[in-house]
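*Asks:* Below is one structure. I have some questions about it.
The values are calculated or read from the model by the stated rules, or taken from the named source; none is laboratory data. Just so it is clear, the structure is predicted and the values come from calculations on it, not from any experiment. As a convention, Cβ positions derive from the backbone with ideal geometry for all residues, glycine included, and neighbour counts pool all protein chains shown.
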Amino acid sequence: MSPGRRERGLVRPYVVTDGRAYPTRNTFDLVTLVMAHPDRPLAGLSPEKRGVMELCLGGALSVAEVAGYLELPVSVTKVLLGDLVDSGHITTRSPIPPAELPETQLLQEVLDGLRARL
Amino acid sequence: MDSALASERAVYLPGTVRTAVKLLVVGHFAVGKTTFVGSLSEIRPLRTEETMTQAGALVDDLAGSERKTTTTVAMDFGRLTLSDSLVLYLFGTPGQLRFTRLWKDMTQGAMGALVLADTRRLEQSFPVMSVLEEQGLPYAVAVNRFEGAPVFAEEEIREALDLLPETPLVVCDARNRISSTRALISLVQYLQSLHTRTPQENV
Ligand SMILES: Nc1nc2c(ncn2[C@@H]2O[C@H](COP(=O)(O)OP(=O)(O)O)[C@@H](O)[C@H]2O)c(=O)[nH]1
Ligand SMILES: [Mg+2]
């Protein structure tokens, strides 16, 4: 990336996403966890998508963190991630569906985790 | 700092984490949201921005000839890994984002909210409390103690904020990790009580 590229305001969202405001899929929550597939070729990816891949190859992060580290709006980040999921570069780990884990159990785990920090 | 590669700054989640949950930290300007999130977060809090038209729609044509009034809305957030499998995200945001996509993103799937309040301007907490009520998002209130701010009895604050009897009201110091953790615990206990309706059993 050229110098100054990351300065706030220099990223033009609608250039980055080829003019699209919405991702190809609507499955991203701010806390959807995403991971990069290590074996996918990066050749042919736009610089922004390459940036997402370079970040995500290090391990799991939430959609919000990807947006935060790359200094991109969440809406743009979702578009990029949607494309990368479509092309098999990124896999997601969605928030566990409520049916699989009762909210009471989840809340208890949150409570236990918080109390352990006191 | 910002020139460093994002991948070098990033603090990744343990590979065992399977579930991510979120809570909101809301309140008016300068009430201590950023401070609160920063005290609790295990990562340096991150910030993300979205450019909106005045009406709240995303700007859809930055190069367009038509001049639109745009504003930038921001939220900051932090992370707490609570166990091998569970991570909690805290999103700190002002309430006037209610018509924005960012607000929708934040509230969707959120378990609840902690409303920070300042006794020097309690009335400024009303707008955000109304938004939470409209959206059916349960909340607890934490009075963030500022030096020189008036100290009121709990009952007086409850009355001034027009709180329901069951809404938790705690005092916290957003700069202090333990105090902030306790405030979050009060919120989560309350959320639990809404499910079980027998809060004593779970304490
Ligand atoms: N005395 C005191 N000052 C605080 C406390 N929390 C935040 N502040 C200060 O109040 C100011 C506004 O806090 P900030 O977290 O930026 O508020 P935000 O606008 O809600 O994000 C900052 O200067 C903080 O250092 C607190 O608990 N006690
Ligand atoms: Mg702030």
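Results for (1) within 16 Å of ligand 2 (Cβ to nearest atom); (2) of a type outside the set (S, T, N, Q), shown as yes or no for each residue.
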| position | (1), (2) |
| --- | --- |
| B:SER130 | no, no |
| B:ALA142 | yes, yes |
| B:LEU164 | no, yes |
| B:SER180 | yes, no |
| B:ILE185 | no, yes |
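*Asks:* Can you tell me which residues in the range A:28-45 are more than 7 Å from chain B (Cβ to nearest Cβ) and under 15 Å from A:VAL85 (Cβ atoms)?
*Replies:* A:PHE28, A:THR32, A:VAL34, A:MET35, A:ALA36, A:HIS37, A:ARG40, A:LEU45
*Asks:* Let me confirm something: among B:LEU40, B:LEU13, which residue is under 30 Å from B:GLN189 (Cα atoms), at pLDDT 95 or above, within 16 Å of ligand 2 (Cβ to nearest atom) and within 10 Å of chain A (Cβ to nearest Cβ)?
*Replies:* B:LEU40 is the lone residue from the list that is under 30 Å from B:GLN189 (Cα atoms), at pLDDT 95 or above, within 16 Å of ligand 2 (Cβ to nearest atom) and within 10 Å of chain A (Cβ to nearest Cβ).
*Asks:* Just wondering, is there one or more residues in the range B:162-170 that are within 14 Å of chain A (Cβ to nearest Cβ), in a strand (DSSP E or B), under 27 Å from B:GLN192 (Cβ atoms) and within 16 Å of ligand 1 (Cβ to nearest atom)? Give the steps one after another, and end with the answer.
*Replies:* Taking the range B:162-170 and keeping what is within 14 Å of chain A (Cβ to nearest Cβ), we get B:168, B:170.
Filter once more, keeping what is in a strand (DSSP E or B): B:170.
Then drop every residue that is not under 27 Å from B:GLN192 (Cβ atoms), which leaves B:170.
Narrowing further to those that are within 16 Å of ligand 1 (Cβ to nearest atom): B:170.
Yes.
*Asks:* Okay, next question. Looking at the range B:131-140, can you tell me whether even one residue there is within 27 Å of A:ASP112 (Cα to Cα), at pLDDT 95 or above and within 16 Å of ligand 1 (Cβ to nearest atom)?
*Replies:* Yes, the range B:131-140 contains at least one residue that is within 27 Å of A:ASP112 (Cα to Cα), at pLDDT 95 or above and within 16 Å of ligand 1 (Cβ to nearest atom).
*Asks:* Please list, ordered by first then second residue, the pairs with beta carbon atoms under 6 Å, 6 or more apart or interchain, first in the range B:80-99 and within 16 Å of ligand 1 (Cβ to nearest atom), second of a type in the set (Ser, Thr, Tyr).
*Replies:* From residues that are within 16 Å of ligand 1 (Cβ to nearest atom), the pairs are B:GLY92/B:THR34.
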